[in-house]
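Heads up: the structure comes next, in structure tokens.
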Amino acid sequence: VEGRARDLLPKLRDHAQQLGVLHLLERLARGFTEESPSGGLHFLLRVVDGPAKGSTKLAARPDPTPSNPKNVLVLAETKGAGGITVVFPSAGRTHKSGRPYRLLRGGPETIAGFTVAERDALYRAFAALDEMPPEPPPAPRPPQLHAVERRPGDVSPADDFSQRTSWDD
């Protein structure tokens, strides 16, 4: 959870409760939890019965700042297979602020394990923080002509014409 989204944690808790996964969110928070120099929270987890997913953006909000070409501010994301994250006790030049990553709870030995189904349920709870407008529906496509199914021995009109005429005709 990015620092800019910490005020959304009550919404995350409420949504997790509505989804019936508050116990999973609490288990995640009791494991390895740290604070980034920008005030964000890192929750580490292990998937115990399947492969990890790749890094995934779970929630974002529009950013009208001209310096942001994507016009998106990430609120919550994962760093999964192939991704990297910086963890406690990194400090100094690791972050542009010079502030350290702070351990809030646990350590490597307390990283919580989750099944694939539990992980996916947690991801859905975090996705409730998303503030992006819905994608516009795709533009209607013109109707497409479908080829006529042919049976063996059928001759197309073009082939029929070619067989019955010559260049001279």
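The values are calculated or read from the model by the stated rules, or taken from the named source; none is laboratory data. This is a predicted model, so every value here is computed, not measured. As a convention, Cβ positions derive from the backbone with ideal geometry for all residues, glycine included, and neighbour counts pool all protein chains shown. SASA here: full protein model, heavy atoms, side chains in, ligands and nucleic acids out. Shrake-Rupley method; radii C 1.70, N 1.55, O 1.52, S 1.80 Å.
Data table
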quantity: Å² of accessible area per residue within the chain, as computed with a 1.4 Å probe and no ligands counted; calculated: 70
quantity: Proximal lysines to Lys70, defined as alpha-carbon separation beneath 21 angstrom and excluding residues fewer than eight positions away on the same chain; calculated: Lys57, Lys79
quantity: For Cα extents along the principal axes in Å, calculated from these coordinates, the label among (1) 72, 37, 26; (2) 57, 28, 24; (3) 88, 43, 32; calculated: (3)
quantity: Nitroxide proxy distance, nm - points 7 Å out along Cα→Cβ at Leu9 and Ile111; calculated: 2.2
quantity: 5 angstrom amide H check on Leu75, placed H, neighbours 5+ away; calculated: Ala59, Ala60, Arg61
quantity: Heavy-atom accessible surface of the chain: percent carbon and sulfur, 1.4 Å; calculated: 56
quantity: Antiparallel content of DSSP bridges confined to the chain, in %, to 5; calculated: 75
